[in-house]
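The values are calculated or read from the model by the stated rules, or taken from the named source; none is laboratory data. Keep in mind that this is a model prediction, so the values were computed, not measured. Glycine gets a Cβ as well: all are built from the backbone with ideal geometry, and neighbour counts include every protein chain shown.
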Amino acid sequence: MTIHDPIPFADAPFRFLSHAGLGAAGIYLTGCTGTDLLATTPALRALFVTDPPNAPPMPSPSSSPAQVDPSAFGLSCGFAAVTPILRSPRETAGFLLVADVRRRRLGPQLGRRLMDAATLAGALVPESEPEPEPWHPDETRGPVRSRVQTHRLVDAALRASATGPAPTVMILDIDRFRSVNNALGSTAGDAVLAVTGARLQRVIGPADKLVRLEGDRFAVIARRVAAELEPLANSLLAAVSEPLVLRGRTLAIQACIGMVTSTNGPRGAAALLGQAESALRRAKAGGLDRCAVHEPTEAALSLDKSRLELDLAHAAQRGELYLVYQPYVDLAEGVVSGAEALIRWRHPTRGELQPLSFIPMAEATGLILPLGRWALRTALRRASEWPASTTLSVNISPLQFQQSGFLAEVDSALADTGFPAERLELEITETVLMRDNPETTAQLHALITRGIRIALDDFGTGYSALAYLARLPHHRIKLDKTFVQDLANPATAELIRAIISLARAQGIAVTAEGVERDEHLALVRRAGFTHAQGYAMGAPAADPPELSTPAPRASAS
């Protein structure tokens, strides 16, 4: 293309293209008529062969243009070249792409593709970029902002909010960005981030701020009325998700947004960013291309959880924790052969708490370790008073089992309480067996060598594999109540009979959990279970009934 050729840009779309792509750099090409340009550089003059008429120089010189392959950026044109535009000798303001699109009609879609191509082309030629100066608040591409710098921008928006709408913080996270890096390399990944920043900048308004965060995240600090926030978030997501052609490959990029407005929570940068992060996690949990808004109740729930964690750390010392014992029955003998220790928490203000209210939290925070040690010793002392023919079952969390000192803890507890190892059964979950490594197998064998029995709890709820029954050492499997209570279903009954047959061939006992009614008990007997546990046998109690009490008899039908 030469200066003598008419530039095939209608005024309105060229104004859109130029302002969006170069406006932040202070270089305006708007108001073009015919072949007039409002600014030029030596490189631009070289591209156009001769000086455009009445064209003042740009603020700083740029390097010579680099010709690029248009098809690599999804452009079907005969010529394209990119040249950096400098704000100063060491700071790049952006890139100008000149492309021959005379045979194509320029509209908003082509304009956006040209802007993406300019950004990509510049990002993929790092040697043409000068070393950047330190971060400038108005930049949307460049060094990653630290948390402290981001906090300062948010704080500045908060201080200015007295004269306008309360600021809203949006954190945008690109989904599956790592796959782009893995497939195309980190340079291409950086180029994608540069394009994403440019696209987001085109969407936000003059009063909004865009900040590049760590990794594949951006923050938008918006000053909008409430009715404009959802459309803005949707526009940001739509801008990111437009197909992007890079090195001849079309990339489908999607993102999620977490959003919070300062009026919906404490006024402070740290609090707002934390709440936006919380909302972002909720958005990502819901799938791709989603936006979630922080609700005031989230902060209350988070605070409530923190208080509960603190209470749990001291619950045993305060005497708030206690154990109950639920019996299980030997169906062949018709007697209660043992009981399982179950933990309960009598909270001073919340009342009785069931395990699901605090055990997952204990496992996530590591509190399960002291909790588990307390439960084992407490149960051993209590079971020492039971008949010698009965067994005590104690649940062991995966985190407990992994500890290098776990065997020593068990040995110490048995020695201190005088409880026989042969009467102790430790219940583990499939999560432990899934590791199936030499350390796990050795630890199981060490426990068995001491005379301790091993039970596989809740079989059928996770990644159950019948291979466990033959390969890894244990004495009992406990089939989850969801299977037991569906025994009337012929397909379920057939599956359970197959599991029981295989287990019995290996000498493994099979316990039915959740046997709550007499009809359940009758089905369990017919299926061939060796043991049963549930309310039909007895409810959990701090002082269980006589452990040799005969089991309820099922009808002959």
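Summary table below
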item: Filtered residues of region 341-379 (kept if more than 15 Å from L323 (Cβ to Cβ) and of a type in the set (K, R)); result: R350
item: A446 being surrounded by fewer than 18 Cβ atoms within 10 Å (Cβ to Cβ) and assigned by TED's automatic domain parsing to the domain that holds V335; result: yes
item: Residue list for region 521-547, restricted to those being of a type in the set (F, W, Y) and at pLDDT 90 or above; result: F529
item: Complete set of residues in region 413-431 that are surrounded by 16 or more Cβ atoms within 10 Å (Cβ to Cβ) and closer than 23 Å to F459 by Cβ; result: R423, L424, E425, L426, E427, I428, T429, E430
item: Residue within region 319-338 that is of a type in the set (A, V, I, L, M), in a helix (DSSP H, G or I) and under 21 Å from E363 (Cβ atoms) present; result: no
item: Residues that are part of a loop (DSSP other than H, G, I, E, B) and surrounded by 19 or more Cβ atoms within 10 Å (Cβ to Cβ), drawn from region 200-222; result: I204, D208, D216
item: Per-region count, region 387-423, residues under 17 Å from I343 (Cα atoms) and touching a residue at least 40 places away in the same chain (Cβ under 8 Å); result: 4
item: From R212, R199, residue being within 20 Å of E277 (Cα to Cα) and either of a type in the set (D, E, K, R) or touching a Leu at 6+ places or on another chain (Cβ under 8 Å) (or both); result: R212
item: For L303: the one exception among (1) out of contact with any His (no Cβ under 9 Å at 6 or more places or on another chain); (2) at pLDDT 80 or above; (3) over 27 Å from S179 (Cα atoms); (4) of a type outside the set (S, T, Y); result: (2)
item: Enumeration of residues in region 243-281 that are at pLDDT below 85, closer than 23 Å to D175 by Cβ, touching a Lys or Arg at 6+ places or on another chain (Cβ under 9 Å) and in a helix (DSSP H, G or I); result: L273
item: Residue match in region 214-223 (condition: over 14 Å from L172 (Cβ atoms) and either modelled with pLDDT under 85 or not assigned by TED's automatic domain parsing to the domain that holds D173 (or both)); result: yes
item: Among (1) more than 24 Å from H445 (Cβ to Cβ); (2) of a type in the set (V, I, T); (3) under 41 Å from the mean Cα position of the chain (by Cα); (4) buried (at least 21 other Cβ atoms within 10 Å of the Cβ), the one test that V410 misses; result: (1)
item: Matching residues, region 380-405, being assigned to a loop (DSSP other than H, G, I, E, B) and out of contact with any helix residue (DSSP H, G or I) (no Cβ under 8 Å at 6 or more places or on another chain); result: E385, W386, P387, S389, S404, G405
item: Single residue of V192, V225 found to be among the β-branched types (V, I, T), in contact (Cβ under 8 Å) with a residue 60 or more places away in the chain and surrounded by fewer than 13 Cβ atoms within 10 Å (Cβ to Cβ); result: V225
item: Residue that is surrounded by the most Cβ atoms within 10 Å (Cβ to Cβ) [pool: residues in region 382-407 that are under 42 Å from the mean Cα position of the chain (by Cα) and polar (S, T, N, Q)]; result: S393
item: Leading residue by the ranking (farthest from the chain's Cα centre (by Cα)) among those in region 359-374 that are β-branched (V, I, T) and crowded, with 19+ Cβ neighbours inside 10 Å; result: I368
item: Given (1) basic (K, R); (2) touching a helix residue (DSSP H, G or I) at 6+ places or on another chain (Cβ under 8 Å); (3) not in a helix (DSSP H, G or I), index of the condition K478 fails; result: (2)
item: Meets criteria (on the phi < 0 side of the Ramachandran plot, in a strand (DSSP E or B) and surrounded by fewer than 20 Cβ atoms within 10 Å (Cβ to Cβ)) for R377; result: no
item: Flag for R553 being surrounded by fewer than 21 Cβ atoms within 10 Å (Cβ to Cβ), at pLDDT 80 or above and farther than 25 Å from L424 by Cα; result: no
item: In region 227-242, the residues that are small (G, A, S) and modelled with pLDDT of 85 or more; result: A233, S235, A238, A239
